[in-house]
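Enquirer: Please read through the structure below; I'll follow up with questions.
Where a number appears in this text, it was derived from the coordinates with a stated rule and is not lab data. Everything numeric in this text was worked out from a predicted model, so none of it was measured. For neighbour counting, all protein chains shown are included, and Cβ atoms are generated from backbone atoms with ideal geometry for every residue, glycine included.
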Amino acid sequence: MIDDAATALDRRFMAAAIRFSERHTGLTGTNPSVATLLVRDDGRGPWIVGRGITAPGGRPHAETQAINEAGALGPGATAYVTLEPCAHHGRTPPCAEALVRAGIARTVSASGDPDDRVDGRGHAILRAAGIEVATRVLAADAARAMSGYLRRSTERRPEVTLKLAISRDGCIGRKGEGQIYITGPIANRQTHLLRARSDAILVGLGTLLADDPQLTCRLPGLEGRSPLRIVLDTRLEAPLSAGLVQTARRVPTALAVIAEKASASAEPFRAAGCAILACEADPASGRVALPELLEDLAARGISSVLVEGGAGVARAVLEEDLVDRLILVEGADEIGAGGLASPLDPHDVPDRFLRSRILHLGRDRWTEYERRVRS
Ligand SMILES: NC(=O)c1ccc[n+]([C@@H]2O[C@H](COP(=O)([O-])OP(=O)(O)OC[C@H]3O[C@@H](n4cnc5c(N)ncnc54)[C@H](OP(=O)(O)O)[C@@H]3O)[C@@H](O)[C@H]2O)c1
């Protein structure tokens with residue numbers, strides 16, 4: 001059964017499940033944040049009898065938590081799952097088998113799971129047990145909610161979001177002045193939310209030296225959700241006194257350096273709590289090779305990387321066509337003399353990006369673009 005055969009009710013419960021799944025985005029390790037709702041109708045209208053969401057760290061999975069919550073009300077229910085239930089024996093038995101054992105009457109799923117160990121097998125287990133299965137219900141919405149995981153599974157690299165704050169006169173900073181505010185408090189909080197939902201943040205050495213940034217999520221209640229902070233530091237030139245280095249024991253921090261610099265001189269940084277990522281050098285520039293770094297990050301289970309600058313790194317990821325999502329936040333004020341030109345003109349965004357959302361946040365304009373599907 002495909003989306004066309006799904007009822008309006010199916011779409012409503014799936015939309016609720018997708019919204020619920022987003023609660024743990026960025027917290028579930030190498031697994032995507034998936035949700036399950038168990039719904040039954042005993043003649044007085046449908047009601048949710050069990051719900052589950054992938055736990056922080058990735059386990060337990062959503063399905064088993066929803067089944068446990070439903071208890072005796074599970075048998076006969078419909079399961080709404082945002083991702084095809086898993087089919088492989090890992091540390092726990094497959095969720096597809098758990099749904100069968102729980103006596104679920106019908107399953108409605110959104111996205112298929114491209115993981116080689118699943119990829120249709122989860123649905124096959126359900127069908128073989130006589131359970132009716134509807135697939136691809138709100139599949140595009142679910143794919144958007146777990147786009148990082150899907151990209152890592154299919155392309156073996158994380159999803160890359162480039163975010164740039166640009167002043168009214170097209171600048172991203174002022175020479176020699178370190179961090180200056182281009183956008184207001186609402187847009188800044190939106191940026192912190194973006195950090196909380198990302199697995200890693202990436203900046204270049206230039207930003208570390210100029211701004212000495214924290215790159216943490218400082219939203220009240222979400223302080224524990226700061227992602228891994230990665231600095232591109234070709235020859236390991238970051239000062240040990242940098243805030244990122246000094247706080248590495250509290251917030252995970254990695255320095256991406258070319259392999260020959262990842263040796264003895266890296267010891268003080270390791271001692272401070274930084275991870276040292278030994279990277280391949282780009283043959284032309286001698287700098288950290290970005291596609292290979294992204295591959296390595298994917299192999300470590302990182303599904304989403306937020307590039308927060310500065311100019312050099314932004315230019316590099318755009319030139320190497322590594323950006324999947326682009327977020328331009330345009331401030332209302334000018335920087336004027338000494339301004340550093342943005343690597344991207346908000347009025348001339350490359351054709352390969354399709355505008356997907358505009359938010360007006362105080363005096364700032366937040367515009368999101370997604371890469372058009374490659375033909
Ligand atoms: N408005 C915003 O959204 C925003 C955000 C962040 C920063 N900024 C501003 O941007 C300015 C800093 O920009 P920036 O261009 O000097 O610094 P950057 O882009 O943060 O860092 C560039 C440096 O990163 C190193 N790097 C290593 N591998 C690289 C690679 N593959 N590609 C590119 N760089 C690589 C390079 O060091 P080596 O040359 O030693 O190899 C390069 O010089 C500051 O003024 C800061 O305030 C603005």
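Enquirer: According to the square roots a ≥ b ≥ c of the eigenvalues of the Cα gyration tensor, what is the shape class of the range 1-74, taking rounded for a/c under 1.5, prolate for a/b larger than b/c otherwise, and oblate for the remainder? Mind dumping the intermediate values first?
Expert: Details: a/c = 2.56, a/b = 1.44, b/c = 1.78.
The shape class here is oblate.
Enquirer: So, one more: Can you quote the Å³ per residue value for the convex hull of the Cα atoms in the chain, rounded to an integer? Present the calculation step by step, with values, prior to reporting the outcome.
Expert: Details: hull volume 60.0 nm³, N = 375.
Normalising the Cα hull of the chain by residue number yields 160 Å³.
Enquirer: So, with +1 on the Cβ of K and R and -1 on the Cβ of D and E, and no other charges, what is the size of the charge dipole of the range 156-371 about its Cα centre, to the nearest 20 debye?
Expert: 740 debye
Enquirer: For the charge dipole of the range 3-151, defined by +1 on Lys and Arg C-beta atoms and -1 on Asp and Glu C-beta atoms about the Cα centroid, which residue among 90, 76, 27 has the Cα displaced farthest towards the positive pole?
Expert: Of the candidates, 27 comes out farthest on the positive side.
Enquirer: Oh, and also: What are the trypsin sites (Lys or Arg not before Pro) within the range 186-254 that DSSP puts in a loop, where the Cβ has at most 12 other Cβ atoms within 10 Å?
Expert: Here the trypsin sites (Lys or Arg not before Pro) that fit, given the DSSP loop and packing criteria, are 249, 250.
Enquirer: Could you tell me the convex hull volume per residue, in Å³, taken over the Cα atoms of the range 101-182?
Expert: Spread over its residues, the Cα hull of the range 101-182 gives 168 Å³ apiece.
Enquirer: So for the range 326-375, considering every pair of alpha-carbon atoms, how many percent are separated by more than 13 Å? Working shown, then result.
Expert: Values: 786 of 1225 pairs.
The share of Cα pairs beyond 13 Å in the range 326-375 comes to 64 percent.
Enquirer: Treating only the Cβ of Lys, Arg, Asp and Glu as charged (+1, +1, -1, -1), what charge dipole size does the range 1-98 show about its Cα centre? Round to the nearest 20 debye.
Expert: On the way: 9 positive and 10 negative charges, 69 e Å.
That gives a dipole near 340 debye.
Enquirer: Which residue, 305, 251, 81, has the most motion in a Gaussian network model of the chain that connects Cα atoms within less than 10 Å?
Expert: Highest fluctuation among the options: 251.
Enquirer: Taking H as built 1.01 Å from N, whose amide H comes closer than 5 Å to the amide H of residue 342, not counting residues under 5 places away?
Expert: HN-HN under 5 Å from residue 342: 171, 172.
Enquirer: With the Cα gyration tensor of the range 156-371 in hand, convert its eigenvalues to equivalent ellipsoid semi-axes via √(5λ) and list them largest first in whole Å.
Expert: Sorted largest first and rounded, they come to 27, 19, 18 Å.
Enquirer: Diagonalise the Cα gyration tensor of the range 44-134 and give the resulting equivalent ellipsoid semi-axes, square root of 5 times each eigenvalue, largest first, whole Å.
Expert: Details: eigenvalues 75, 48, 27 Å².
Over the Cα atoms of the range 44-134, the semi-axes work out to 19, 15, 12 Å.
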